[in-house]
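Q: Let me begin by handing over the structure; questions about it come next.
The values are calculated or read from the model by the stated rules, or taken from the named source; none is laboratory data. None of these values were measured; they are calculated from a predicted model. We place every Cβ from the backbone using ideal geometry, glycine too, and count neighbours over all the protein chains shown. These accessible areas exclude ligands, DNA and RNA; they are computed on the full protein's heavy atoms, side chains included. Shrake-Rupley method; radii C 1.70, N 1.55, O 1.52, S 1.80 Å.
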Amino acid sequence: MSNKLEAILQTASLMPAIPRAVQEVLKLLQKDETTVDELADAVSLDPVIAAKVLRMANSAFFGRSKQVDKIEDAAYLIGIDSIRTMVLASGMMGSIDNTKNFDLNRFWRLSLLSAYIARDLAKFYGHDGNKAYTAALIHGLGVLAIHKAVPEVAAEIDSTCADNCAYDRADAENKALGFDHAEVSAAIASFWNLPEQIGESIRHYPHPSLQNKPEDMAGLIHVSVALAIDISDNIPYEKWYSTLDAAVHDLLDPTLSRLPELQPRFDKAKQFVDMMVNTH
């Protein structure tokens, strides 16, 4: 292991601990089903996060005429999935400081949107939706660790990569450092005691062809990140399709046939994500 990678992994291990409420919600994601009471109990562990979630639940985005003041009521009105995402977004965005000269809003927007897309696509490919959601949500945390540990190198990477496909940044990092953010993100997943499948899918997502089985969850995360970039940045279809790793083309073809069906869900997810990032 290189000295730089050791330093960055050390930085990753020292990144601010995620709030207890977020830890509990991540645990709930590993369950097949989550009840309103379980979610409310987790959120109650952090009054600051609870207040942020209620503020978002009462925002104009949901068009509710009656204000809610309890997490349980908000969950019944707008759904457990929405509340769960608000908790994760509020907790993670609040626990990580701004990174100099880095578009943190875009980072969180892509992370959250990737998670939504991964969960929706997982069912088409026989993957666990909650695990896919978690992997996509934290796939980029290594980028923040690299910025914290070696800001000068990170700034150079920022200036040389367009960051308009699922592997562009990873390739630039490998050229500059000899490893990429996906490896660091996988280490963070391990620090957080998340299932091994989540860490391994993150580790290989930039180039799933490096795995023996390209159809594994890494390919799903690759496609989800690519679609999130496309939707968020309005990348022309021909451009982002041509930059996909060849190993996921077979995975993508069924997705493309379902895009007309899924597009309204993705568009709604983008609006929801924009609301969370802008409200934070």
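Q: Look at ALA115 and say whether it is open to solvent by less than 20 Å² (accessible area, probe 1.4 Å) and either of a type in the set (Val, Ile, Thr) or closer than 20 Å to LEU28 by Cα (or both).
A: Yes: the conditions hold for ALA115.
Q: I would also like to ask the following. Does the stretch 159-180 hold any residues that are of a type in the set (Asp, Glu) and either buried (at least 18 other Cβ atoms within 10 Å of the Cβ) or outside any helix (DSSP H, G or I) (or both), and which are they?
A: The initial filter retains those residues of the stretch 159-180 that are of a type in the set (Asp, Glu), namely 163, 168, 171, 173, 180.
Hits for the stretch 159-180 are ASP163, GLU173, ASP180.
Q: Among the listed residues ASP37, ASP41, which satisfies the condition of being surrounded by 14 or more Cβ atoms within 10 Å (Cβ to Cβ) and acidic (Asp, Glu)?
A: ASP41
Q: If ILE138 satisfies all but one of (1) under 25 Å from GLU24 (Cβ atoms); (2) open to solvent by less than 10 Å² (accessible area, probe 1.4 Å); (3) touching a Lys or Arg at 6+ places or on another chain (Cβ under 9 Å), what's the number of the condition it fails?
A: Only one criterion in (1) under 25 Å from GLU24 (Cβ atoms); (2) open to solvent by less than 10 Å² (accessible area, probe 1.4 Å); (3) touching a Lys or Arg at 6+ places or on another chain (Cβ under 9 Å) is unmet by ILE138, namely (3).
Q: Go through (1) within 19 Å of the chain's Cα centre (by Cα); (2) at pLDDT below 85; (3) not in a loop (DSSP other than H, G, I, E, B) and name the single condition THR99 misses.
A: (3)
Q: Scan LYS70, LYS123, LYS131, LYS66 and give me the residue that is modelled with pLDDT of 85 or more and over 17 Å from the mean Cα position of the chain (by Cα).
A: Just one listed residue meets the conditions, LYS70.
Q: Residue under question is ALA154, and the condition is that it be among the aliphatic types (A, V, I, L, M), modelled with pLDDT under 95, part of a helix (DSSP H, G or I) and within 21 Å of LEU28 (Cα to Cα); does it hold?
A: no
Q: Out of the stretch 233-257, which residues are open to solvent by less than 70 Å² (accessible area, probe 1.4 Å) and in contact (Cβ under 8 Å) with a residue 12 or more places away in the chain? Let's see the steps before the verdict.
A: Within the stretch 233-257, the subset open to solvent by less than 70 Å² (accessible area, probe 1.4 Å) is 233, 235, 240-241, 243-245, 247-249, 251-252, 254-256.
Within the stretch 233-257, ASP233, ILE235, TRP240, THR243, LEU244, ASP245, ALA247, VAL248, LEU251, LEU252, PRO254, THR255 qualify.
Q: For residues in the stretch 192-204 being in contact with an Asp or Glu (Cβ under 9 Å, 6 or more places away or on another chain) and closer than 13 Å to LEU141 by Cβ, which is surrounded by the most Cβ atoms within 10 Å (Cβ to Cβ)?
A: ILE202
Q: Hey, another quick one. Which numbered condition trips up ARG84, out of (1) surrounded by 22 or more Cβ atoms within 10 Å (Cβ to Cβ); (2) without any contact (Cβ under 8 Å) to a residue 60 or more places away in the chain; (3) within 17 Å of ILE8 (Cβ to Cβ)?
A: (3)
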